[in-house]
1. Would you mind checking the tilt of helix B:72-96 against the longest principal axis of the Cα atoms of chain B, expressed as 0 to 90 degrees and rounded to 10?
2. Rounded, prolate or oblate, given the Cα gyration tensor of the stretch B:5-67, with a/c below 1.5 counting as rounded?
3. What does the helix-only formula give at 222 nm for chain A: each DSSP H stretch with n ≥ 4 adding -39500 (n - 2.57), the total divided by the residues, and the result rounded to the nearest 500 deg cm²/dmol?
4. Through the Karplus equation 6.51 cos²θ - 1.76 cosθ + 1.60, θ set to phi - 60°, convert the phi angles of the stretch A:190-198 into ³J(HN,Hα) values in whole Hz; use x for Gly and Pro.
5. When each copy gets a label point 7 Å from Cα toward the beta-carbon at B:ARG41, what are the spacings between them in nm, shortest first?
6. Would you mind listing the distances between the B:ILE99 label point and the same position in each other copy? Use 7 Å along Cα-to-C-beta, nm, one decimal, shortest first.
7. Consider all pairwise Cα distances in the protein assembly as shown and report the whole-number % of them above 34 Å.
8. Cα gyration tensor of the stretch B:137-192, axes a ≥ b ≥ c as square roots of the eigenvalues: rounded (a/c below 1.5), prolate (a/b > b/c) or oblate?
Number of protein chains: 2
Amino acid sequence: MERLPSAKIRDSLEQRIVDGELNNKQRLDENELSSFYGVSRTPVREALQRLTESGLAEHLPRRGTFVRSPSLGQLVEMFEVMTELECMAIRLAARRVTIKDIKVLEDDNEICREAVKANDTIKYYEVNSRLHNHIYKMSGNSFLANKTRRLHDRLRPFRRLQLRVRGRMTESMAEHDIILSALKAGDADSAVETMKKHIDIVGVRFNDLVSSFNSISDKNKR
Amino acid sequence: MERLPSAKIRDSLEQRIVDGELNNKQRLDENELSSFYGVSRTPVREALQRLTESGLAEHLPRRGTFVRSPSLGQLVEMFEVMTELECMAIRLAARRVTIKDIKVLEDDNEICREAVKANDTIKYYEVNSRLHNHIYKMSGNSFLANKTRRLHDRLRPFRRLQLRVRGRMTESMAEHDIILSALKAGDADSAVETMKKHIDIVGVRFNDLVSSFNSISDKNKR
DNA sequence: CATGACATTTTTGTATACAAAAAACTGAAC
DNA sequence: GTTCAGTTTTTTGTATACAAAAATGTCATG
């Protein structure tokens, strides 16, 4: 099953939007993108339709398609839902966790620990994502796993910036440790509670979120 | 902001899929749809891209686009997530409910009660949807409200069939009453617990779900 | 200089054209 | 009758063409 140009363009644009290369409200010019990707307008338009459907872009009939980044308010809302989904996933995962799962999680967790020592936020975030994704799958609910992963991906730049807050990476690491031992002990409640603190930047570290948001939208203005 | 043909076709197809007019695995033939809607393939293809992105269709490169209805297993997963989101919405709604909200909910609830008396499941489901949707909005989290409404819509045919199970409509009505009085009394926990029972067809009425599923997929085979 | 009617250019949305891949058909060999 | 190479037909994906709407530019009038 080979990938089509239109699908590759869709993914490329998604990446570029999430990474902040394409700024909020920026027009996604069909002609410009066509020449950028070396194709005609047709596959570009199909990619734009898909981005619009997934919420990363906004389409105004006969006006054009524009990057649609969340406002601070929307970001707070998204984190609130993210927290709920992550907690649901860990709750379900706790009921069906296997030795093998624990092994996989612990291996990744150790890689994270090394990244903390090396103060390597990029590496930490990468492995952290993999670890969380594994928990989603462990829930046994693939619909949930999918939705959660997609939301996780969309919040990526903000979650990543969080790690640069002083002491946050160590704190995150400690939470991972608690979650893992709770899973091992079959203590679902503790796992859920810790996960809630782990994700819920809104309740616990609202100011950090605001400054991450500002730092990203400032970057966009330049 | 006038609606474009491609957008109308997208919505029409969504409706036809959810309503079961277009069956699972059925090929969404571009030429056929073009002549059906009296347009060229271009807007049809754009509509199909969007349906694929939203999960209602599946696209296999160079093979075609096919209706993608959930399997029984996926349906169970979706109801599980639906329950979580509805509970989250009512929990948040309970914290910020106003007199005006209560009034709106009670009005709709009374219309529901009349529908029960008339044994009118269609009317009941219609107003019931509006009532639930109002609760989503009351959560104050529009991101959550959107996601929840969309999932609600996708589960519509199954939720609706549920109401035809003997005694289910009366039971549903009684739960609405409890949820409303809990909201009025500011008792979030009770509202959440009742909502959980209200939605969680999987835990409580799994057999009913299986038979709804079978009745829908039987219909598709004919 | 501001304003607004009119013309020009650009951009969007859809139709059509065409290349290439997949599916369907044909018919010979067994 | 079955199988399979070779061909034809259909379908998909992209390019191009074109109509219509929106944006932009021009310029006379006040």
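1. Its long axis makes an angle of about 40 degrees.
2. The shape class here is rounded.
3. -24500 deg cm²/dmol
4. 5, 4, 5, 4, 5, 4, 4, 4, 4
5. So the distances to the same position in the other copies read 1.9 nm.
6. 6.5
7. So the portion of pairs separated by more than 34 Å is 40 percent.
8. oblate
Only the coordinates and a few stated rules stand behind these numbers; no lab work does. Quantities reported herein were computed from a predicted structural model and do not represent experimental measurements. We place every Cβ from the backbone using ideal geometry, glycine too, and count neighbours over all the protein chains shown.
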